[in-house]
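Colleague: Structure provided below as structure tokens; questions to follow.
The values are calculated or read from the model by the stated rules, or taken from the named source; none is laboratory data. Since the model is a prediction, treat every value here as computed from it, not as a measurement. A quick note on method: Cβ atoms are made from the backbone with ideal geometry, for glycine too, and the neighbour counts reach across all protein chains shown. SASA here: full protein model, heavy atoms, side chains in, ligands and nucleic acids out. Shrake-Rupley method; radii C 1.70, N 1.55, O 1.52, S 1.80 Å.
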Amino acid sequence: MGTSSANVVEILALLILLQSVSSFCNGDNFNGSCIKTEREALVKFKSSLVDNSNSLPSWVGDDCCRWDGVTCDNITGHVVNLVLSWTSIRGNISLHLGNLSNLQYLDLSLNPSLAIHSLHFPSSLKYLNLTYVLLDKCENWLQSINMLPSLLELELSNCELSIIGDVSHVNFTSLEVLNLGWNNFHSTIPSWLYNITNLRHLVLRYNAFRGSISTDISNLNSLASLAADFNSLEGNIPNTLNRLCNLIELDLGYNKFGGEISGTFGNSSGCIKNSLENLYLLYNSFSGSIPDNLGQFKRLKVLYLSKNSFWGSIPVSIGQLYNLERLDFSENSLHGKVSELHLLNLRSLFELSMDGNSLVFDIDPEWIPPFQLSWIHLSSCEVGPFPQWLRTQKSIRFLDMSNASISDNIPDWFENISSNIVSLDLSYNQLFGTLPTFRKLNTPYTNDYRVILLKSNQFDGFLTCSDFDATILDISNNLLHGQIPQNISDMMPSLRHLSLSNNYLNGTVPATLWRIESLQILDLSNNQLSGRIPSCWGNLTSLTVIDFSSNMLSGDVPMSLGSQESLVSLHLQNNTMQGNIPMSLRNLESLETLDLSMNSFDGFIPWWIGESLSSLKVLSVHSNKFEGLQNLNLSTNKLDGHIPWNIGKLSSLESLDLSENELSGSIPFSISDLNFLSHLNLSFNYLSGRIPTGNQLQTLDDKSIYIGNDGLCGPSLNNCSNDADELPKGHEKGSTTRKDDSEMVWFYSGMGMGFAAGFVGVCSILYFNESWRCAWFGLVDRVYNKLWVTIAIKANQVKRKFLRNKLEGNA
């Protein structure tokens, strides 16, 4: 019994001892202050900051382990972590933290007002983040980093570093993450980078790096991601890159790389095909064909090859990339057919972009895709009839099939796939029939708005806006007729851009437009609208463009238009409007274009136009009934060309100032017909020839009128020679010599022979080369289709004009 009791006591004592050790290890028994030398180092750091008395307010007292951002080891009390990101500390300091001998984690990031001109760290450091801290004058940064053999992660992005530096021997070979993005190195990629053999993530983007990537890139055999986009790197991608067996993401977009990629990605022996998931080569100058064996990259999720010069057909093997989510081949020189074989097994695909190529989609109408797409961009491809396979796509958010040679009506089933569409562009096709029906936008994103672009087609019928739910709506250049719904503000309350120009719409301008507070651009030009412009416009603070030109509108300009202070462009030309220009328009200080021409406006052109409308660049008031155009001051601009020859028809003009422009040629003789002219200033232009005389000009003999025009002669200036120009010159500012007639004969003869030789050469090539012949006649077909659409639109405009003239004649 005694032995048993002793064993129990021993066991209890052991448990108590273990609990004590555990408590000590967890820091429960550590009650002392931090290490004195380390506290002094932290205090010295704080004192070097600007406004240090208010910076880091918790840094008071003896125990630095309790200060915000400071973490101490629970057992030893040494400072191991220092995290001061987003603390708004500032100053221009020397960062010497060598006395924090056990520091492992240092984060001073996101303090853009902190500048460091020299660095010294303890060798124990494993993580260093100085993102958005200015190091632009810290020339020893690389040497300081090279003394950190235990460093695993280094974040130096957005530090305004301009000197990349060099080291003879790399000591921080344990580094796994290096981020040098968004700096100003303007140099080649340093050779020491290729010696950090444990590197897993390397970020070099936005640095203006130039030159090429070294073949030594294969030394980084642990590399999982390389981001070197937005630089000026050039040359070929080294073939040795395909030896990086752990590379998951490669981003070389927005550079100047060129050549073919088949050596890197077309080599079936490279192990990169077994690891690569994301490949970004967009916005470069790569050429050649897309490698046939890209289908072996089974792990690929993102393949971006857009904005290059790839040519040839798309390999069918692409259809085997069953993990592919994003595919972008847009803006290249690809041609040939795209069939369901190219898309056969792309079950994960949700983005398909092939726009800007000469591709022909030849997909079986009965084919059912294995994917659900969100992004479809096929602009400028030849799609043919409206694609039937789209009827299965219930998740489309962005659909662009503009200029896609679609000659068809939009099928009824389109409504079933429309509820998620936030952007639709079917412009520049030959779509006919009634406008498509849309379901109300159904999206989880609160900031989404709908863009619908259907311009330059052959849609007819009435405009029914209840189905659009659009923020931007452009149905211009179609065959729509009927009235614009008067309740348009209720149907599309978030409308920003409305363009219905070049249709056959009639009736009046809806009076409810002023309720659409978000409206920015309103274009109803080239229709058959009549009646008055609505009198009430409220204060649409975002409205910048109003275009009601080429309609049959009548009445005055509403006073309330003067309250649209953001208006930049106002077009009312080619209507039947009358009355005076309202004084309220003087409030449009942002107005740059005002076109009131071809109406029946009368009265005087207001004097305040030149004074109040200080931003005005284009003013057109011709073909009206204005009277008294007495003062004209266009001085100190950049007007070029010559003074209109019929300026003398401004018979009431009393003051004319065209000084300090770039006008050339002679002064028109008709200027002497201005019998009321009492002030004239043509100085500092490029005018030349003889100054006209007679009538009122006899009294305007001040030399300052013509000073700064070296080519002028006549009264008040130098005497003219007998051969001085009497007729206006052209627009040129310098003298030109007429070509000798014989030279022109030889020129046109040579041009004719050259054309004949070139024509025969082209025809010969087309005869003997079948692929070129097919491409040529394909181009002819596309041009023919575009011309057909253009001619149809022009014919409709002529028809509309004829109808308008007939209506006016009957009236």
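Colleague: State which residue pairs qualify: first residue within 11 Å of Phe684 (Cα to Cα) and inside the range 649-668, second residue modelled with pLDDT of 90 or more and among the hydroxyl-bearing types (Ser, Thr, Tyr) in any location, beta carbons under 6 Å apart, and separation of 6 or more residues or different chains.
Modeller: From the range 649-668, the pairs are Ser659/Ser683; Ser664/Tyr686.
Colleague: Within the range 556-563, can one find any residue that is farther than 19 Å from Leu613 by Cβ, in contact (Cβ under 8 Å) with a residue 12 or more places away in the chain, open to solvent by less than 10 Å² (accessible area, probe 1.4 Å) and of a type outside the set (Ser, Thr, Tyr)?
Modeller: Looking through the range 556-563, none of the residues is farther than 19 Å from Leu613 by Cβ, in contact (Cβ under 8 Å) with a residue 12 or more places away in the chain, open to solvent by less than 10 Å² (accessible area, probe 1.4 Å) and of a type outside the set (Ser, Thr, Tyr).
Colleague: Do we have any residue at all in the range 234-247 that's within 25 Å of Leu130 (Cβ to Cβ) and among the polar types (S, T, N, Q)? If you could, list the steps in order and put the result at the bottom.
Modeller: To start, the set of residues in the range 234-247 that are within 25 Å of Leu130 (Cβ to Cβ) comprises none.
The answer is no; no qualifying residue exists.
Colleague: Then there's this: Restricting to the range 341-376, give me the number of residues that are assigned to a strand (DSSP E or B) and open to solvent by 30 Å² or more (accessible area, probe 1.4 Å).
Modeller: Filtering the range 341-376 down to residues assigned to a strand (DSSP E or B) leaves 351-353, 358-361, 375-376.
Still in the running and open to solvent by 30 Å² or more (accessible area, probe 1.4 Å): 358, 360, 375.
Selection size over the range 341-376: 3.
Colleague: Scan the range 169-198 residue by residue and report those that are open to solvent by 20 Å² or more (accessible area, probe 1.4 Å), more than 24 Å from Ser232 (Cβ to Cβ) and not acidic (Asp, Glu).
Modeller: Listed by number, the residues that qualify are His169, Asn171, Thr173, Ser174, Val177, Thr197, Asn198.
Colleague: Still on this model: Would you pick out the residues in the range 293-318 that are among the aromatic types (Phe, Trp, Tyr) and free of Cβ contacts under 8 Å to residues at least 40 places away in the same chain?
Modeller: Correct list: Phe297, Phe310, Trp311.
Colleague: Right, Leu473: in a strand (DSSP E or B) and under 27 Å from Asn447 (Cβ atoms) or not? Talk me through it step by step, then tell me what you get.
Modeller: Details: in a strand (DSSP E or B): yes; under 27 Å from Asn447 (Cβ atoms): yes.
Yes: the conditions hold for Leu473.
Colleague: Suppose we keep only residues that are of a type in the set (D, E, K, R) and within 17 Å of Ala470 (Cα to Cα) within the range 496-548. Which one would you say is least open to solvent (accessible area, probe 1.4 Å)?
Modeller: First, pick out the residues of the range 496-548 that are of a type in the set (D, E, K, R): 496, 515, 517, 523, 532, 547.
If we keep only those that are within 17 Å of Ala470 (Cα to Cα) as well, we get 496, 515, 517, 523.
Numbers: Arg496: 89, Arg515: 131, Glu517: 139, Asp523: 32 Å².
Across the range 496-548, the extreme among qualifying residues is Asp523.
Colleague: Something else: Filter the range 70-89 for residues that are under 41 Å from the mean Cα position of the chain (by Cα) and open to solvent by 20 Å² or more (accessible area, probe 1.4 Å) and give the result.
Modeller: Step one: of the range 70-89, the residues under 41 Å from the mean Cα position of the chain (by Cα) are 82-89.
Selection gives Val83, Ser85, Trp86, Thr87, Ser88.
Colleague: Give the residues of the range 676-696 that are aliphatic (A, V, I, L, M) and either in contact with a Phe, Trp or Tyr (Cβ under 7 Å, 6 or more places away or on another chain) or more than 17 Å from Ser655 (Cβ to Cβ) (or both), sorted by residue number.
Modeller: Our first condition is that a residue be aliphatic (A, V, I, L, M); within the range 676-696, this holds for 677, 680, 682, 687, 691.
Hits for the range 676-696 are Leu682, Leu687, Ile691.
Colleague: Please work out if Asn129 is open to solvent by less than 10 Å² (accessible area, probe 1.4 Å) and farther than 21 Å from Ile35 by Cβ. Give the derivation first.
Modeller: Details: open to solvent by less than 10 Å² (accessible area, probe 1.4 Å): no; farther than 21 Å from Ile35 by Cβ: yes.
Considered against the rule, which asks whether it is open to solvent by less than 10 Å² (accessible area, probe 1.4 Å) and farther than 21 Å from Ile35 by Cβ, Asn129 comes out as no.
Colleague: If you don't mind, there's one more thing I want to ask. Specify which of the listed residues (Asp107, Asp166, Asp136) is open to solvent by 50 Å² or more (accessible area, probe 1.4 Å) and out of contact with any Phe, Trp or Tyr (no Cβ under 7 Å at 6 or more places or on another chain). First the steps, then the outcome.
Modeller: Numbers: Asp107 fails: open to solvent by 50 Å² or more (accessible area, probe 1.4 Å); Asp166 fails: out of contact with any Phe, Trp or Tyr (no Cβ under 7 Å at 6 or more places or on another chain).
Being open to solvent by 50 Å² or more (accessible area, probe 1.4 Å) and out of contact with any Phe, Trp or Tyr (no Cβ under 7 Å at 6 or more places or on another chain) holds for just one of Asp107, Asp166, Asp136, which is Asp136.
Colleague: For Pro149, indicate whether it is closer than 22 Å to Thr197 by Cβ, open to solvent by 50 Å² or more (accessible area, probe 1.4 Å) and not polar (S, T, N, Q).
Modeller: yes
Colleague: Please tell me if Gly312 is out of contact with any Pro (no Cβ under 7 Å at 6 or more places or on another chain) and over 28 Å from Phe371 (Cβ atoms). Give the steps one after another, and end with the answer.
Modeller: Numbers: out of contact with any Pro (no Cβ under 7 Å at 6 or more places or on another chain): yes; over 28 Å from Phe371 (Cβ atoms): no.
The answer is no for Gly312.
Colleague: Continuing with this model, one more query. Take the residues in the range 491-506 that are within 23 Å of Gln528 (Cα to Cα) and of a type in the set (Ser, Thr, Tyr), then tell me which one is farthest from the chain's Cα centre (by Cα).
Modeller: Tyr504
Colleague: Farther than 30 Å from Ser358 by Cα and among the charged types (D, E, K, R): is that true of Arg210 in this structure?
Modeller: On the way: farther than 30 Å from Ser358 by Cα: yes; among the charged types (D, E, K, R): yes.
Judged against the criteria, Arg210 is a match.
Colleague: Among Val302, Val338, which is of a type in the set (A, V, I, L, M) and surrounded by fewer than 21 Cβ atoms within 10 Å (Cβ to Cβ)? Even if it seems obvious, please write down each step before you answer.
Modeller: Values: Val338 fails: surrounded by fewer than 21 Cβ atoms within 10 Å (Cβ to Cβ).
Testing whether each residue is of a type in the set (A, V, I, L, M) and surrounded by fewer than 21 Cβ atoms within 10 Å (Cβ to Cβ) leaves just Val302.
Condition check ((1) open to solvent by 10 Å² or more (accessible area, probe 1.4 Å); (2) among the aromatic types (Phe, Trp, Tyr); (3) within 15 Å of Pro387 (Cα to Cα)) across all residues:
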site: Ser423; (1), (2), (3): yes, no, no
site: Asn429; (1), (2), (3): no, no, yes
site: Gly433; (1), (2), (3): yes, no, no
site: Thr443; (1), (2), (3): yes, no, no
site: Asn447; (1), (2), (3): yes, no, no
site: Ile452; (1), (2), (3): no, no, no
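Colleague: Related question: Is it true that Asn323 is of a type in the set (S, T, N, Q), open to solvent by less than 60 Å² (accessible area, probe 1.4 Å) and at pLDDT below 95? Lay out the reasoning, then the answer.
Modeller: On the way: of a type in the set (S, T, N, Q): yes; open to solvent by less than 60 Å² (accessible area, probe 1.4 Å): yes; at pLDDT below 95: no.
When the stated conditions are applied, Asn323 does not pass them.
Colleague: Do the conditions hold for Ser590, that is, is it open to solvent by 10 Å² or more (accessible area, probe 1.4 Å) and touching a Ser or Thr at 6+ places or on another chain (Cβ under 7 Å)? Outline the logic, then answer.
Modeller: Numbers: open to solvent by 10 Å² or more (accessible area, probe 1.4 Å): yes; touching a Ser or Thr at 6+ places or on another chain (Cβ under 7 Å): yes.
When the stated conditions are applied, Ser590 passes them.
Colleague: Now for a different question. Give Ile261, Ile272 a once-over and let me know the one that is closer than 18 Å to Leu223 by Cα and β-branched (Val, Ile, Thr). Break it down into steps so the answer makes sense when it comes.
Modeller: Numbers: Ile261 fails: closer than 18 Å to Leu223 by Cα.
Sole residue among the options that is closer than 18 Å to Leu223 by Cα and β-branched (Val, Ile, Thr): Ile272.
Colleague: Here is a follow-up. Quick one: is Asn551 surrounded by 22 or more Cβ atoms within 10 Å (Cβ to Cβ), under 21 Å from Ser597 (Cα atoms) and within 35 Å of the chain's Cα centre (by Cα)?
Modeller: On the way: surrounded by 22 or more Cβ atoms within 10 Å (Cβ to Cβ): yes; under 21 Å from Ser597 (Cα atoms): yes; within 35 Å of the chain's Cα centre (by Cα): yes.
Taking the combined requirement at face value, the residue satisfies it.
Colleague: Further question: Can you tell which of Asn718, Asn631, Asn722 is within 30 Å of Asp602 (Cβ to Cβ), open to solvent by 50 Å² or more (accessible area, probe 1.4 Å) and modelled with pLDDT under 85?
Modeller: Values: Asn718 fails: within 30 Å of Asp602 (Cβ to Cβ); Asn722 fails: within 30 Å of Asp602 (Cβ to Cβ).
Unique residue meeting the criteria: Asn631.
Colleague: If you don't mind, another one. Among the strands (runs of 3 or more DSSP E) lying completely within the range 497-557, list those that include at least 1 residues that are among the hydrophobic types (A, V, I, L, M, F, W, C).
Modeller: 497-499, 504-506, 521-523, 545-547, 552-555
Colleague: Asn92 - would you say it is surrounded by 15 or more Cβ atoms within 10 Å (Cβ to Cβ), in a strand (DSSP E or B), free of Cβ contacts under 8 Å to residues at least 60 places away in the same chain and not small (Gly, Ala, Ser)? Show your work before the answer.
Modeller: On the way: surrounded by 15 or more Cβ atoms within 10 Å (Cβ to Cβ): no; in a strand (DSSP E or B): yes; free of Cβ contacts under 8 Å to residues at least 60 places away in the same chain: yes; not small (Gly, Ala, Ser): yes.
No.
Colleague: Which one of Ser144, Ser118 is open to solvent by less than 50 Å² (accessible area, probe 1.4 Å), touching a His at 6+ places or on another chain (Cβ under 9 Å), within 19 Å of Leu199 (Cα to Cα) and outside any loop (DSSP other than H, G, I, E, B)? Can you show your working first?
Modeller: Working: Ser118 fails: within 19 Å of Leu199 (Cα to Cα).
Exactly one of Ser144, Ser118 is open to solvent by less than 50 Å² (accessible area, probe 1.4 Å), touching a His at 6+ places or on another chain (Cβ under 9 Å), within 19 Å of Leu199 (Cα to Cα) and outside any loop (DSSP other than H, G, I, E, B), namely Ser144.
Colleague: With respect to Leu100, determine if the residue is touching a residue at least 40 places away in the same chain (Cβ under 8 Å), out of contact with any Gly (no Cβ under 6 Å at 6 or more places or on another chain), open to solvent by less than 30 Å² (accessible area, probe 1.4 Å) and hydrophobic (A, V, I, L, M, F, W, C). Give the derivation first.
Modeller: Working: touching a residue at least 40 places away in the same chain (Cβ under 8 Å): yes; out of contact with any Gly (no Cβ under 6 Å at 6 or more places or on another chain): yes; open to solvent by less than 30 Å² (accessible area, probe 1.4 Å): yes; hydrophobic (A, V, I, L, M, F, W, C): yes.
For Leu100, the condition - touching a residue at least 40 places away in the same chain (Cβ under 8 Å), out of contact with any Gly (no Cβ under 6 Å at 6 or more places or on another chain), open to solvent by less than 30 Å² (accessible area, probe 1.4 Å) and hydrophobic (A, V, I, L, M, F, W, C) - is met.
Colleague: Just the residues that are under 17 Å from Asp547 (Cβ atoms), crowded, with 16+ Cβ neighbours inside 10 Å and over 37 Å from the mean Cα position of the chain (by Cα), please, taken from the range 564-587.
Modeller: The answer is Met577, and nothing else.
Colleague: Do you know which residues across the range 611-642 are part of a loop (DSSP other than H, G, I, E, B) and among the β-branched types (Val, Ile, Thr)? Before you say what the answer is, go through the steps one by one.
Modeller: Within the range 611-642, the first condition is being part of a loop (DSSP other than H, G, I, E, B), and the residues that meet it are 613-617, 621-624, 627-630, 634-639, 642.
Matches in the range 611-642: Val621, Thr636.
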